[in-house]
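The values are calculated or read from the model by the stated rules, or taken from the named source; none is laboratory data. Predicted, not measured: the structure shown is a model, and the values here were computed from it. Don't worry about glycine lacking a Cβ; one is built from the backbone with ideal geometry, like all the others, and counts go over all protein chains shown.
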Amino acid sequence: MPTLTFTDISLLRPTPSLLPFPCPLKPTEKLRIHRLPLKLRCSIAEESKISPSKLSPNLNAADAATADCVIIGGGISGLCIAQALATNHSAVAPNVIVTEARDRVGGNIITVERDGYLWEEGPNSFQPSDPMLKMVVDSGLKDDLVLGDPNAPRFVLWNGRLRPVPSSPTDLPIFDLMSIGGKIRAGLGALGLRPPPPGHEESVEEFVRRNLGDEVFERLIEPFCSGVYAGDPSKLSMKAAFGNVWKLEQTGGSIIGGTFKAIQEKNKAPKQPRDPRLPKPKGQTVGSFRKGLTMLPEAISKRLGSKVKLSWKLSGVKKLDNGEYSLTYETPEGLVSLRSRSVVMTVPSYVASSLLRPLSVCFFCSHWQIGTSFTFILHECLHPAYSIHPELIVIFILGCKFT
């Protein structure tokens, strides 16, 4: 039974000339305007004046007092920050509040179970690193954790064929995704026989092409990068997206040199004891939960309890003379005002730029230029007797997962 998941993202392209404020850009710079969705999680109330008499009295004592930290956004980032503060730093920040404009937590994590099927309408897995596993254990989901088969093959569609991606160093000489010349170029580049760094922050594409050659980028990194970030490798920062690999060249002069140096430093450093509560994944794999990824944000929200406020839409934020922040929300109970010693924003950059515009026009201009990727997810259930021929896969698909 085919199931199509489609999200309405009607787009609006603002006109730079309509911006109601000056933008301090250099004369040679242009303000790049990216398409934004009409439906935003948060909005800013322009020229709105809120009378204290209109503020809702439905706040408990903890909310009425000045909070130590208000986290804007109840997606996985905001919830993980809140849980980390509650678990590890409760003495420093005992009063933490998470506000979410929607009527549910999780942000882009959306798991649906219907007609005997379970599917994800957002991200479908995570890397089971130790920090992530600690979050899982602290949330009480250790018994619900599901890890993928580390030996499951991965393929890249190239020249009409699904070609296996090397899963270990022994596969490098024999896999046919790259030509012999491409493999030689990648090996020499990894050893340091490549052009020097350009002196500016490189994109993923620039870094990989310079260090490992065109074939590695086009046939390995670009498909991987598109599947993980759903973004343009020519615009993604290498330092931000793949910081560990970027650091290898910085510390060792080349990718191979940096790898050897990292191994030496790791062997010299005292081994930190691993949390005995954490499960130990076998090999490189991905993880999820028995009832889908949504179990994690829901479990964290349940543990935080009344600290999570749903359907709270931030309409304004102001910095006070004493260094604290005043935040005004539209809630089902009416307008609510909060004070906080610190604020953490875990909303998209285009939302944050609008919300923080009264505090800093420079911040608005810089964050308005950060692009945002939108994706569509298609779920299709096929009879076991059928299969999908590679030539029928549309070239615009970032990736396919078969279960």
Scanning the range 235-263 for residues that are hydroxyl-bearing (Ser, Thr, Tyr) and within 26 Å of SER125 (Cβ to Cβ) gives SER237
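Conditions (1) at pLDDT below 90; (2) farther than 24 Å from LEU293 by Cα; (3) not assigned by TED's automatic domain parsing to the domain that holds SER226, marked per residue:
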| residue | (1), (2), (3) |
| --- | --- |
| VAL137 | no, no, yes |
| ASP143 | no, no, yes |
| ASN159 | yes, yes, no |
| PRO166 | yes, yes, no |
| PRO169 | yes, yes, no |
| GLY181 | no, yes, no |
Selection from the range 301-342 of residues in contact (Cβ under 8 Å) with a residue 24 or more places away in the chain and of a type in the set (Gly, Ala, Ser) yields SER301, SER306, SER311, SER315, GLY316, GLY334, SER337, SER340, SER342
* **Some residue of the range 91-102 being free of Cβ contacts under 8 Å to residues at least 24 places away in the same chain and either within 27 Å of SER315 (Cβ to Cβ) or surrounded by 15 or more Cβ atoms within 10 Å (Cβ to Cβ) (or both)** => no
Is the range 159-166 home to any residue that is exposed (fewer than 12 other Cβ atoms within 10 Å of the Cβ) and either in contact with an Asp or Glu (Cβ under 9 Å, 6 or more places away or on another chain) or not acidic (Asp, Glu) (or both)? yes
Note on GLY243: of the conditions (1) exposed (fewer than 13 other Cβ atoms within 10 Å of the Cβ); (2) among the small types (Gly, Ala, Ser); (3) touching a helix residue (DSSP H, G or I) at 6+ places or on another chain (Cβ under 9 Å); (4) within 30 Å of ASN108 (Cα to Cα), unmet is (3)
Sole miss for GLU218 among (1) more than 27 Å from LYS280 (Cβ to Cβ); (2) surrounded by 15 or more Cβ atoms within 10 Å (Cβ to Cβ); (3) acidic (Asp, Glu); (4) touching a residue at least 24 places away in the same chain (Cβ under 8 Å) is condition (4)
Over the range 107-143, the set of residues in a loop (DSSP other than H, G, I, E, B) and among the hydrophobic types (A, V, I, L, M, F, W, C) is ILE109, ILE110, LEU141
Among the residues of the range 195-211, the number that are over 22 Å from GLN127 (Cβ atoms) and either of a type in the set (Phe, Trp, Tyr) or touching a residue at least 24 places away in the same chain (Cβ under 8 Å) (or both) is 7
(message) Just to be sure before I move on: is ASN151 under 28 Å from ARG290 (Cα atoms) and over 23 Å from the mean Cα position of the chain (by Cα) in the structure I sent?
(response) yes
Requiring at least 2 residues that are closer than 30 Å to LYS235 by Cα and at pLDDT below 80, the strands (runs of 3 or more DSSP E) wholly within the range 298-403 are 377-379
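Conditions tested, residue by residue: (1) touching a strand residue (DSSP E or B) at 6+ places or on another chain (Cβ under 7 Å); (2) of a type in the set (Asp, Glu); (3) at pLDDT 95 or above.
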residue	(1), (2), (3)
TYR229	no, no, no
LYS235	yes, no, no
ALA240	no, no, no
THR259	no, no, yes
PRO270	no, no, no
When the range 126-153 is checked residue by residue, the ones that are touching a strand residue (DSSP E or B) at 6+ places or on another chain (Cβ under 8 Å) and farther than 28 Å from SER306 by Cα are GLN127, PRO128, VAL146, LEU147, GLY148, PRO153
Result of the Cβ filter at 9 Å on the range 176-191, keeping first residues that are within 12 Å of VAL208 (Cα to Cα) and partners that are part of a loop (DSSP other than H, G, I, E, B) and β-branched (Val, Ile, Thr), at least 6 apart or interchain, is none
Q) Would you say GLU113 is crowded, with 17+ Cβ neighbours inside 10 Å, touching a residue at least 40 places away in the same chain (Cβ under 8 Å) and at negative phi? A) no
Scanning the range 144-165 for residues that are part of a strand (DSSP E or B), hydrophobic (A, V, I, L, M, F, W, C) and closer than 20 Å to PHE217 by Cβ gives PHE155, VAL156, LEU157, TRP158, LEU162
If you go through SER226, SER254, the only one that is over 25 Å from LEU188 (Cβ atoms) and either among the hydrophobic types (A, V, I, L, M, F, W, C) or surrounded by 17 or more Cβ atoms within 10 Å (Cβ to Cβ) (or both) is SER226
